[in-house]
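This report concerns only the one structure given below.
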Amino acid sequence: MILPAAAGNQAFADESFHEAEVGGYYILAAVIFEVATHDPARLAMHELRGRRNAYKLHWNEMTSQEKHNAAKIVAELEGFHIVVVGTPVPRRRQERARALCLGKLVPELHSYGIDRLLMEGRSRALNERDVTTVRGARYELPKGAVFEIEHLPGSSEALLWAADIVAGAVRSSKEGSDNCRELLDARLYQIDLAIDC
């Protein structure tokens with residue numbers, strides 16, 4: 001897989017997770033699109049949302065056919081996707097798992113020339129936890145390297161929806177349905193991270 005030459009310096013990320021005494025996981029997916037394709041990719045996400053009475057497109061609210069169509073559309077866009085899958089994730093350890101996955105994602109993104117990560121905002125306190133994690137992850141980068149994280153409302157950036165689709169497809173694969181994940185395989189790099197939550 002080759003990163004698009006004109007990808008710019010930013011990625012868009014979203015997550016999916018399952019906490020369980022056995023078999024829990026945390027998925028953090030980052031999508032990278034060529035700058036020239038940002039607007040067409042956004043348009044594709046809005047078209048997928050269609051007339052839904054929702055402020056954003058969300059994998060968990062799609063039918064099986066809609067999920068397949070969404071994964072196919074993301075696969076057809078000129079992009080590259082990095083996914084960190086952390087396991088195991090026991091109950092009430094979601095935020096710890098998120099921090100570990102984000103800490104792994106930052107140097108990986110930086111190695112591809114990305115220095116800005118946009119994620120859907122949550123509460124102020126949880127956003128601050130992400131910022132603290134990214135600050136810590138910067139110690140893994142070359143001296144003087146810059147890496148920033150920005151939180152946005154989910155409704156304001158449709159490229160976050162593409163990250164949700166990638167995360168959802170990987171989650172579906174973990175739950176035994178590989179058809180959506182297989183559509184994305186040519187554009188997807190997955191890192192499996194053994195985590196101690």
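Annotations
- Where a label projected 7 Å from the Cα of E95 along Cα→Cβ would reach, residues of the range 126-145 with amide N under 15 Å: 126-134
- Whole-angstrom gap from the range 144-186 to the range 78-128, using each part's C-alpha centre: 11
- S16, S155, S172 arranged by Cβ crowding within 10 Å, fewest neighbours leading: S155, S172, S16
- Estimated inter-spin distance, H46 and S111, nm [label 7 Å along Cα→Cβ]: 3.7
- Summed side-chain charge close to A99 - residues other than A99 whose Cβ falls under 9 Å, Lys, Arg +1, Asp, Glu -1: +1
- The chain, relative contact order in percent, only Cα pairs under 8 angstrom and at least six apart counted: 35
- Pairwise FRET efficiency - K143 versus H18, Cβ, R0 = 25 Å, nearest 0.05: 0.10
- In the range 1-159, a dipole from Cβ-located charges (positive for Lys and Arg, negative for Asp and Glu) runs towards its positive end, and of F147, G103, P90 it is P90 whose Cα lies farthest in that direction.
- Annotation: the antiparallel percentage among DSSP beta bridges lying fully within the chain is about 50.
- Overall form of the range 82-136 per C-alpha gyration tensor (a/c, 1.5; a/b vs b/c): oblate
- Built amide H within the under 5 Å cut-off of E148, gap 5+: R116, L117
- Debye log10 I(q)/I(0) for the chain, one point scatterer per Cα, at q = 0.19 Å⁻¹: -1.45
- Ordering W161, W59 from the fewest to the most neighbouring beta carbons within 10 Å gives W59, W161.
- Whole-angstrom Cα spans of the range 89-197 along principal axes, big to small: 41, 33, 33
- Here the label points at R135 and S155, each 7 Å from Cα along the C-beta direction, are separated by 3.1 nm in the simple model.
- The range 1-116 gives an Rg/Rh value of 1.00, both radii derived from C-alpha positions and Rh following Kirkwood.
Where a number appears in this text, it was derived from the coordinates with a stated rule and is not lab data. Because the structure is predicted, anything quoted here is derived from the model rather than measured. Virtual Cβ from ideal backbone geometry, glycine too; neighbours counted across all protein chains shown.
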